[in-house]
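Right, one structure below, let's go through it.
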Amino acid sequence: MRNKLMGLRKDANLSQNQLARKLDVTVNTVGNWEKGLSLPSLENAHNMAKIFGVTTDDIFLALNTMNVVKN
């Protein structure tokens, strides 16, 4: 089962590399967001919302945050 952020990206017909280029981040960064290892900045979440045609809330709800380590 793919995660929701990956689903939004794939529904937009974008590879991780293409999304990374649009957001000026690395492919690893996009992969880490999709794996729930890190969270995007508010600016990147806002830009993804515009790219995917959804709200910023939808982006944060799509993130798999179960793996994000909180200190």
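The values are calculated or read from the model by the stated rules, or taken from the named source; none is laboratory data. If you're wondering where the values come from, they're calculated on a predicted model, not measured in any experiment. Note that we place each Cβ from the backbone using ideal geometry, even for glycine, and neighbour counts take in every protein chain shown. Quick note on the areas: whole protein, heavy atoms, side chains included, nothing else; ligands and nucleic acids left out. Shrake-Rupley method; radii C 1.70, N 1.55, O 1.52, S 1.80 Å.
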**Asked** When ligands, DNA and RNA are left out and all protein chains stay put, how many square angstrom of accessible area per residue does the chain have with a 1.4 Å probe?
**Response** 66 Å²
**Request:** Quick one: which residues, 5+ away or cross-chain, put their amide H under 5 Å from the amide H of G36? H built at 1.01 Å from N.
**Result:** N64
**Prompt:** Taking the simple approach of a point 7 Å from Cα along Cα-to-Cβ for both A12 and L42, what is their distance in nm?
**Reply:** 2.0 nm
**Item:** Residue range of the chain that is longest and free of trypsin sites (Lys or Arg not before Pro) which are both DSSP loop and sparsely packed (at most 12 other C-beta within 10 Å)
**Value:** 3-69
**Message:** If I take every Cα pair under 8 Å that is 6 or more residues apart in the chain, average their sequence separation and divide by the length, what percent do I get for the relative contact order?
**Reply:** 36 percent
**Asked** At a 1.4 Å probe radius, carbon and sulfur cover how many percent of the accessible area of the chain?
**Response** 50 percent
**Under the Debye formula (equal points on every Cα, no solvent term), log10 I(q)/I(0) of the chain at q = 0.13, 0.17 Å⁻¹** = -0.30, -0.53
